[in-house]
Amino acid sequence: METTSQINLSVSQAAYDRYISQKNVVSNERIRPDNESFLDAMLSVDMNATPEGREILDIIRKLD
């Protein structure tokens, strides 16, 4: 059996401070309103209008 070494995931305080002071961070805001469910969002657009939408519909169909 081969063993692997563990990855060091520690972060220095200086690196954390640099990260937290960044102005270009990803927002965690919701894309849809609080009162709109995932299904509501999917039904509100034409999923057949784009290749990506058709691919998503095909994947959902295959779930059966």
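All of the numbers you see were taken from the coordinates with simple rules; none came from a lab. The model shown is predicted, which means the values in this text are computed figures rather than measured ones. We place every Cβ from the backbone using ideal geometry, glycine too, and count neighbours over all the protein chains shown.
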Fill in: For the chain, calculated [θ]222 nm from helices alone, where every DSSP H run of n ≥ 4 adds -39500 (n - 2.57)
-12000 deg cm²/dmol
Worksheet item: Expressed as cubic angstrom per residue, what is the convex hull volume of the alpha carbon set of the chain?
Response: 249 Å³
Worksheet item: Which one of PRO51, TYR16, ALA41 has its Cα pushed farthest toward the positive end of the charge dipole of the chain, where Lys and Arg give +1 and Asp and Glu give -1 at the Cβ?
Response: TYR16
Item to complete: May I ask for the angle, rounded to the nearest 10°, between helix 51-63 and the longest principal axis of the chain, with both axes built from Cα atoms and the value confined to 0 to 90°?
Response: 90 degrees
